[in-house]
Amino acid sequence: MTISRRELLARTGFGLGTAALSALAAPKASPHFAPKAKRVIFLFQAGGPSHLDLLDHKPFIKNRFNEDIPPSIFGTQRITGMVAHQDRFPVMPTMYGFKQHGQCGQWLSDLLPETGKIANELCVLRGMHTEAINHDPAITFIQTGSQLPGRPSMGAWVDYGLGSENANLPAFVVLNSTPSNGMADQGLLARLWGAGFLPSRYQGVQFRSGGDAVLHLSNPPGISREQRRGQLDGLAALNKRLHERVGDPEIETRIAQYEMAFRMQASVPELVDASKEPEHVLAMYGEDVKKPGSFAANCLLARRLAERDVRFIQLYHRGWDHHGGLTEKMPSLARDVDGPSAALVRDLKQRGMLDDTLVIWGGEFGRTPYAQGPSKPDSYGRDHHGRVFSLWMAGGGVKRGLSYGASDEYGFNVAEGGVHVHDLQATILHLLGIDHLRLTYLFQGRQFRLTDVHGRVVKEILA
């Protein structure tokens, strides 16, 4: 008896996609040691939020408005093209007040009152530093470990090293929020959550705030779920035969991605539907939580992703590039992120998830202690500054109520407890149970890693 090619695929293809996924979705490797954190939520503030106006209290410069930064402090600091024309670099104190919060006495800006309420949960790093002085290299560096494009992103490395704990959702999800003032500033390129030279199945999956959460996820009109299942089984059979012949690993990736998309058709609509969240939870995140694409809505979605064991959740919030008009733009941005960030930490804690979820809040660098362009005590701008900046972490195995590291009295250089970008990356991997020296990938004859050729685990902040 002879059968047609279509009948052959229909009889033998069924289940091939599922079988392929079960093999491809298995964790790539086990942790190198017992992890403190199972997942990461990185609340990335793109554009460089000013540490001096938010997280780093510098009373020394309060009464030094318009004085020149001393040469002994300025040193050999590289400057950007934005201030290259300036004849002098006048001290610019913040116009915002700072208060101590919590039993730990954490100093935080008055722009962050809700963050102050979770001060006892925070580990604030005030000695962060980076070599990058412009946005694209700096964001690329903190996300991929290199200032040059082409390396895998941190989430891709984590997915490659640990794999997924949820077969129905990607291990690495990206959310982009829209500032309430509508000023997004710097663009974000998909390579920031790309897989680089790793197989493409490790790249982040971006969720959108309008229409389908993931592009092309819905079936076209007239195609049922059963028909889609049959099509995928037929494609899996063809791709399997092609892989046996040519051995290209990207063919396996294609099979896995088709299968993941099929499962996401069922899992994603339920995930992004927050209509059943209790009113008291929605109120905790603030009134913007019901606005798709807002930082508040994405913080809630990040918690829902974490509940479903998504390993790496990258949430971008733009608008922090304040070369001028900082005092006009900063309050609305701070309102965007202050309440929802604190709500996320509280929400995770009350669900018993904060201990194994690492939350990170920060940008690619800070802003200069000197003014850019004309300035008044209550109206100024600041340039990029990578010599020292601040970020905070919570949960996931870091010490609570800790302030680690410090800038000098001007907020210009690291004075103690310096944490390089590679140190931060090494520490994040360590908390996930990964030795950053051992998580490598052979490419073009070299073993690459996220932390490139240096980086240390900051053991002083580990709980």
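Every number here is computed from the coordinates shown, using simple stated rules; none is lab data. As the structure is a prediction and not an experimental result, all values here were calculated from the model. Here the Cβ positions follow ideal geometry from the backbone for every residue, glycine too, while neighbour counts run over all protein chains shown.
For the range 305-319: of the residues being out of contact with any helix residue (DSSP H, G or I) (no Cβ under 6 Å at 6 or more places or on another chain) and not in a strand (DSSP E or B), which is surrounded by the fewest Cβ atoms within 10 Å (Cβ to Cβ)? Result: ASP309. Exactly one residue out of ILE41, ILE73 is outside any loop (DSSP other than H, G, I, E, B), touching a helix residue (DSSP H, G or I) at 6+ places or on another chain (Cβ under 6 Å) and either in contact (Cβ under 8 Å) with a residue 12 or more places away in the chain or crowded, with 20+ Cβ neighbours inside 10 Å (or both): that is ILE41. Annotation: of all residues in the range 242-258 being in contact with a Pro (Cβ under 9 Å, 6 or more places away or on another chain) and among the charged types (D, E, K, R), the one that is farthest from SER200 (Cα to Cα) is GLU252.
Is there a residue in the range 204-220 that is under 18 Å from GLN425 (Cα atoms) and in a loop (DSSP other than H, G, I, E, B)? Yes, the range 204-220 contains a residue that is under 18 Å from GLN425 (Cα atoms) and in a loop (DSSP other than H, G, I, E, B). When LEU192, LEU188, LEU242, LEU162 are checked against the criterion of being touching a helix residue (DSSP H, G or I) at 6+ places or on another chain (Cβ under 7 Å), hydrophobic (A, V, I, L, M, F, W, C) and buried (at least 16 other Cβ atoms within 10 Å of the Cβ), LEU192 stands alone in meeting it. Just one of the numbered conditions (1) surrounded by fewer than 15 Cβ atoms within 10 Å (Cβ to Cβ); (2) closer than 30 Å to LYS459 by Cβ; (3) among the hydrophobic types (A, V, I, L, M, F, W, C) is not true of CYS104; which one? The failed condition is (1). Which one is nearest to the chain's Cα centre (by Cα) among residues in the range 240-266 that are farther than 21 Å from ASN168 by Cα and part of a helix (DSSP H, G or I)? Looking at the filtered set, the residue picked out is PRO249.
For the range 391-409, the set of residues classified as buried (at least 24 other Cβ atoms within 10 Å of the Cβ) and farther than 28 Å from ALA34 by Cα consists of SER407 only.
Does the range 374-390 hold any residues that are crowded, with 18+ Cβ neighbours inside 10 Å and over 27 Å from ALA343 (Cα atoms), and which are they? Correct list: SER375, TYR380, GLY381, ARG382, ASP383, HIS384, HIS385, GLY386, ARG387, VAL388.
Taken over the range 230-247, the criterion of being without any contact (Cβ under 8 Å) to a residue 40 or more places away in the chain and of a type in the set (D, E, K, R) is satisfied by ARG241, GLU244, ARG245. Restricting attention to the range 44-65, the residues being surrounded by 14 or more Cβ atoms within 10 Å (Cβ to Cβ) and part of a loop (DSSP other than H, G, I, E, B) number 11. For the range 387-412, name all the residues that are outside any loop (DSSP other than H, G, I, E, B) and out of contact with any helix residue (DSSP H, G or I) (no Cβ under 7 Å at 6 or more places or on another chain). Residues satisfying the conditions are LEU391, TRP392, MET393, SER403, ALA406, SER407.
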